[in-house]
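Everything below concerns the one structure shown next.
Every read-out reported here was derived from the displayed coordinates using simple, explicitly stated rules and does not represent laboratory data. As the structure is a computational prediction, the values presented were derived from the model and not from experiment. When we count neighbours, we look across all protein chains shown, and the Cβ atoms used for this are built from the backbone with ideal geometry, even at glycine.
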Amino acid sequence: MKRKLFFILILFCLLPVSGCVQKDCEDENVQSFFTGEIKESGEDYIICEVNDSGNSGISEGAYVYVSRNNAVSSDGFPDFETGEYARIVYGGGVMETYPLRLSTVYAVYKTDKTGKITND
């Protein structure tokens, strides 16, 4: 009897935990964004340090590699200098490499230090 009671108790403890999976993270149509400082700028990529995670769930201070080849923006991909700021809008997954990599980039905007989008 004690054994049955123990298993029932474990079952009730595990059921609420199993319902905490967030399915939006797996949905490729969900758009997330973050803002970061450009640490390196190449011909076909930028690497930025996240200073505002927005709705992305990426930790502040994380480094993210953003490839021009993964950008689908009709507005293009602005040129950046080291020390400038950018807002990155992306979807799909985040590859857990160092630096992190994004599977699909929807838009890249220049911002000021506070994260406000500029027209540069």
Order of THR118, THR111, THR97, THR35 under a 10 Å beta carbon neighbour criterion, fewest first: THR97, THR118, THR111, THR35
Magnitude of the charge dipole, region 23-111, Cβ model with Lys/Arg +1 and Asp/Glu -1, debye to 20: 80 debye
Rg over Rh [alpha-carbon atoms, Kirkwood Rh] for region 23-111: 0.92
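In region 77-116, which trypsin sites (Lys or Arg not before Pro) are in a loop and have at most 13 other Cβ atoms within 10 Å, using DSSP for the loop call?
On the way: sites: ARG87, ARG101, LYS110, LYS113, LYS116; in loops: LYS113, LYS116.
Loop-located and lightly packed - LYS113, LYS116.
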